[in-house]
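Down below is the structure, laid out as structure tokens.
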Amino acid sequence: MPIWFLIAVTAVYGLAMGSFLNVVIYRVPRGLSLVRPPSHCPACGIVIRWFDNVPLLAYLVLLGRCRHCRAAISPRYPLIEAATAALFVAVFLRFGGYADGAEGAWTNSVVLRTAVAVALVLLLVPLGVIDLEHHLLPDVLTLPGLILGLAGAAAGSLLFAADLSPLPSFADAVIGAALGGVVPYVVILLYRWLRGVEGMGLGDVKLLAMIGAFLGWKGMLLTLGLGSAAGAMVGIGLIAAKRGGRDTELPFGTFLCGATLVVLFWGEWIMRRLGWVPLQ
């Protein structure tokens, strides 16, 4: 099949999954079921019909308003759908059968690494947005994600001898998960001892453990460094603009999720420049 067709199909799947992630982002922090009730307008409560629920297209057709009550629909919905579609295409091009010139080579190992990368994307998008909106990283996402990351690394180590980058070996995944939990927890204890307040929540600990399971200990440390740098820059920017202070609470999980995506796609290149992996 031509690559443009496969990219188009991948984007469509990404749009559909982005629509589902919007449900996750809205309902999980509110403790609501993902199944019932059906999708409905938050303003008037009317059930949204299928043709008004087509990802991205429905928002454009309805001009961002409910067909029934004309209440405004948050632009977050089409943005999440479009972002998820773009990430799906990026995963396909970076890790799929067309990566590294291996055109059409959809071996079992390639399928596995692509599936693991997709799973990580599907976790990072809702976690990042939920933390941005609610300062919350739900266990219902991070803990199953930790198991998925370890399972993917175990499958790669046990079933395939080929390079499964970005998948770490099972040993690296276990070390990454352990360090991802221990390092931020130590930071929490030290910050509490020094300043008498919490520096970050336990949700960040579980998120970093999940990231370590997916990316290994080097990927987790790189993610922590990039996320901390991004958070520091935003914090300094808020202080300079007089829109925050030293005690302003920032959604650190959101920065970590963004940094994880950077490491997922460009981590190997960054690590080579840092001398963390041998140059070839």
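Only the coordinates and a few stated rules stand behind these numbers; no lab work does. These numbers come from a predicted model, not from an experiment. Neighbour counts are summed over all protein chains in view; Cβ atoms, including those assigned to glycine, are modelled from backbone coordinates with ideal geometry.
At a temperature of 10 °C and a viscosity of 1.306 mPa s, determine how fast the chain diffuses translationally according to Stokes-Einstein, using the Kirkwood radius over alpha-carbon pairs as Rh; express D in µm²/s, rounded to the nearest whole number. The calculation lands on 79 µm²/s. Amide H contacts of His40 (H built 1.01 Å from N, in plane; Pro and chain starts excluded): Ile48 sit under 5 Å, all sequence-distant by 5 or more or on other chains. Ordering Met1, Met17 from the fewest to the most neighbouring beta carbons within 10 Å gives Met1, Met17. The amide H of Arg65, built 1.01 Å from its N in the peptide plane, has Ile73 as neighbours under 5 Å, considering only residues 5 or more places off or on other chains.
For the chain, a crude dipole built from +1 on the beta carbon of Lys and Arg and -1 on the beta carbon of Asp and Glu, taken about the Cα centre, is about 720 debye to the nearest 20. The Cβ shell under 12 Å around Phe255 holds other residues with a net charge of -2, Lys and Arg each +1, Asp and Glu each -1. Three principal axis extents describe the C-alpha atoms of segment 126-280; from largest down they are 53, 34, 29 Å.
For the pair segment 76-92 and segment 21-50, the centres of their Cα atoms are 20 angstrom apart.
By the count of neighbouring beta-carbon atoms within 10 Å, fewest first, Ser39, Ser33 end up ordered Ser33, Ser39.
In sequence order, segment 212-227 has phi-based couplings of x, 5, 7, 10, x, 5, 5, x, 5, 5, 5, 4, 4, x, 5, x Hz under the Karplus curve 6.51 cos²θ - 1.76 cosθ + 1.60, θ = phi - 60°, and Gly or Pro positions carry x. Taking the number of Cβ atoms within 10 Å of each Cβ as an exposure proxy, the fewest-first ranking of Asp131, Asp172, Asp247, Asp139 is Asp247, Asp139, Asp172, Asp131.
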